[in-house]
Amino acid sequence: MKKILLVSIAAFTGLISAEAYSAAGEYWEVTTKMEMPGMPMEMPAQTVKVCMPKGGERDPQRIQGQDSSCQMTDVKAVGNKTSWKAKCVNNGETMNGTGEAVYERDSYHGSMHMTGQTDGQAFDMKNTYSGRRVGGSCNTGAVKR
């Protein structure tokens, strides 16, 4: 179960990492909450301040870091809603999922549902997230984890 949690966190953290692009950016506060049936305890929501490329919050492919093990496909934007499919491969373990986000001028919210198998055990993970622009200029290439 510990390995499932580590693989899940590594995959999703790569999805919200915005440091992969060296460009002018702006600060966002991003809150994520992970839910996995069968976990012995509920995971608390995590809030981080990230340097996001301007406009990057609307593109799931730009939000993932260079070192992310996830590939986004079938990205569709209609109005203020974007949806996508994801495939993450980490240490020979594969997760597949879908996600969506709804955007406002200075905020967004959405969810991502991932399923897979690790060490012969099936897992099902749902992440909900929200972001709000907090302002301030930053260089996305200078930000380190």
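The values are calculated or read from the model by the stated rules, or taken from the named source; none is laboratory data. What you see is a predicted model, and the numbers here were worked out from it, not measured in a lab. Glycine also receives a Cβ, built like all others from the backbone with ideal geometry; neighbour counts cover every protein chain displayed.
Here are some notes:
- Of the residues making up segment 17-58, those that are of a type in the set (Gly, Ala, Ser), in a loop (DSSP other than H, G, I, E, B) and modelled with pLDDT under 85 are Ser17, Ala18, Ala20, Ser22, Ala23, Gly38, Gly55.
- Residue in segment 99-112 that is charged (D, E, K, R), farther than 29 Å from Gly136 by Cβ, touching a strand residue (DSSP E or B) at 6+ places or on another chain (Cβ under 8 Å) and at pLDDT 85 or above present: no
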